[in-house]
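Here the structure comes first, spelled out in structure tokens, and everything after it is commentary.
The values are calculated or read from the model by the stated rules, or taken from the named source; none is laboratory data. Since the model is a prediction, treat every value here as computed from it, not as a measurement. Here the Cβ positions follow ideal geometry from the backbone for every residue, glycine too, while neighbour counts run over all protein chains shown. Each accessible area value is taken on the protein alone, full model and side chains, heavy atoms only, with ligands, DNA and RNA left out. Shrake-Rupley method; radii C 1.70, N 1.55, O 1.52, S 1.80 Å.
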Amino acid sequence: MNSIFLRAYPPAQPASGPSYWLPFRNGEVIVQRQEQGVTLIRADETLRTQLGTSEFYYLGTLDGIPCVTCELDSKQELLPTWYTSSLRGLFDLLENSAYTVAAYAAQIIYWQRTNRYCPSCGHAIEATRGTWGHHCPRCGHTGYPPVSPAILVLIHDGGERVLLAHKPGWPAKRYSCIAGFVEPGESLEECVQREVYEEVGVEITAITYVGSQPWPFPHQLMVGYTARYVGGPVRIDAQELDDAAWFQINNLPDLPPKQSLAHFLITNWVATQQLSKDD
Ligand SMILES: [Zn+2]
């Protein structure tokens, strides 16, 4: 059965008893070491109060168990069975729903840490009831945790070739989809068209939505598409990429990590092509 995470909003408080506790320290998230892999820390209120700070955020429940996050003092000693990691480092280690909660916690912690004062007048902000929003009692400014959309697009030729790109700093054989941030005033489809033209210089059509994935570094939402190549020579933007090339789907380069949306876009396209061949 899939785990279910139900969100809660301030001023909701967790029920008493055991909870999942997601402490952060110096930008890293802390989890429980197990014989194999890691899991979220199970802690009751006593342990949380003993080691934690006074500022807790109740995020909701994972399969009925309350999830609570907080930021620890940078010098707080940790239990020997705990394991600290960047959020990115837990991508492969935590079970999916636990990673979802950790990613959500990271964004709430980031939001609370970076939004203590009104960005308009500098006054201390106050929490808004029922949301993660902030409100300035002096000038009336309101703000909410940001989500920044970014697109990913797999360019194909309608068949068995895909156009993939290589960024400076990546392992030599790793290639992936074209990606880019949505600009203010731009639709997702316009962004796909623009990024493709800017980064590899080709024209595309049949922009088709495939799926999305939160990417909490610090607060992106990746929105994934496929698009069909129409024409134009591949001409890379040397500021962004150091190579782009067509690959046969039966002879692909190294792909991005398997939990990533980019990996899904590519392997899903390959599977669709193979299925249509079998028909
Ligand atoms: Zn203000």
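List of remarks:
So that you can scan it fast, the table gives a plain yes or no per residue for (1) crowded, with 17+ Cβ neighbours inside 10 Å; (2) among the hydrophobic types (A, V, I, L, M, F, W, C); (3) farther than 30 Å from residue 275 by Cβ:
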{"site": "89", "(1), (2), (3)": "no, no, yes"}
{"site": "99", "(1), (2), (3)": "yes, no, no"}
{"site": "104", "(1), (2), (3)": "yes, no, yes"}
{"site": "107", "(1), (2), (3)": "yes, no, yes"}
{"site": "114", "(1), (2), (3)": "no, no, yes"}
{"site": "121", "(1), (2), (3)": "no, yes, yes"}
{"site": "124", "(1), (2), (3)": "no, yes, yes"}
{"site": "146", "(1), (2), (3)": "no, no, yes"}
{"site": "159", "(1), (2), (3)": "no, no, no"}
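- Hits in the stretch 87-113 (condition: within 18 Å of residue 42 (Cβ to Cβ) and outside any helix (DSSP H, G or I)): 93, 94, 95
- Pairing residues of the stretch 17-32 that are of a type in the set (Asp, Glu) with residues that are in a loop (DSSP other than H, G, I, E, B), at Cβ distances under 9 Å and at least 6 apart in sequence or on separate chains, gives 28/86; 28/87.
- Tally, over the stretch 204-226, of residues that are at pLDDT 95 or above and either among the small types (Gly, Ala, Ser) or outside any strand (DSSP E or B) (or both): 4
- Residues that are modelled with pLDDT of 95 or more, out of contact with any helix residue (DSSP H, G or I) (no Cβ under 7 Å at 6 or more places or on another chain) and near the ligand (Cβ under 10 Å from one of its atoms) are absent from the stretch 87-102 altogether.
- Test: residue in the stretch 184-192 that is in contact with a helix residue (DSSP H, G or I) (Cβ under 8 Å, 6 or more places away or on another chain) and outside the structural domain of residue 89 (by TED's automatic domain parsing): yes
- Scan of the stretch 237-251 for residues that are touching a residue at least 60 places away in the same chain (Cβ under 8 Å) and open to solvent by less than 60 Å² (accessible area, probe 1.4 Å), ordered by number: 241, 243, 244, 245, 247, 249
Per-residue answers, yes or no, for (1) open to solvent by less than 50 Å² (accessible area, probe 1.4 Å); (2) at negative phi; (3) not hydrophobic (A, V, I, L, M, F, W, C):
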{"site": "17", "(1), (2), (3)": "yes, no, yes"}
{"site": "32", "(1), (2), (3)": "yes, yes, yes"}
{"site": "37", "(1), (2), (3)": "yes, no, yes"}
{"site": "48", "(1), (2), (3)": "yes, yes, yes"}
{"site": "56", "(1), (2), (3)": "no, yes, no"}
{"site": "61", "(1), (2), (3)": "yes, yes, yes"}
{"site": "69", "(1), (2), (3)": "yes, yes, yes"}
{"site": "76", "(1), (2), (3)": "yes, yes, yes"}
{"site": "95", "(1), (2), (3)": "no, yes, yes"}
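- Selection count, the stretch 185-203, where residues are in a strand (DSSP E or B) and of a type outside the set (Asp, Glu): 0
- Some residue of the stretch 254-277 being over 28 Å from the mean Cα position of the chain (by Cα), open to solvent by 20 Å² or more (accessible area, probe 1.4 Å), basic (Lys, Arg) and over 20 Å from residue 174 (Cα atoms): yes
- Test: residue in the stretch 75-89 that is touching a Phe, Trp or Tyr at 6+ places or on another chain (Cβ under 7 Å), outside the structural domain of residue 263 (by TED's automatic domain parsing) and closer than 30 Å to residue 194 by Cβ: yes
- When the criteria are applied in full, residue 84 meets the requirement of being in contact with a Leu (Cβ under 8 Å, 6 or more places away or on another chain), part of a strand (DSSP E or B) and open to solvent by 20 Å² or more (accessible area, probe 1.4 Å).
- The stretch 129-158 - residue that is under 30 Å from residue 86 (Cβ atoms), assigned to a loop (DSSP other than H, G, I, E, B) and touching a residue at least 24 places away in the same chain (Cβ under 8 Å) and, of those, farthest from the ligand (Cβ to nearest atom): 147
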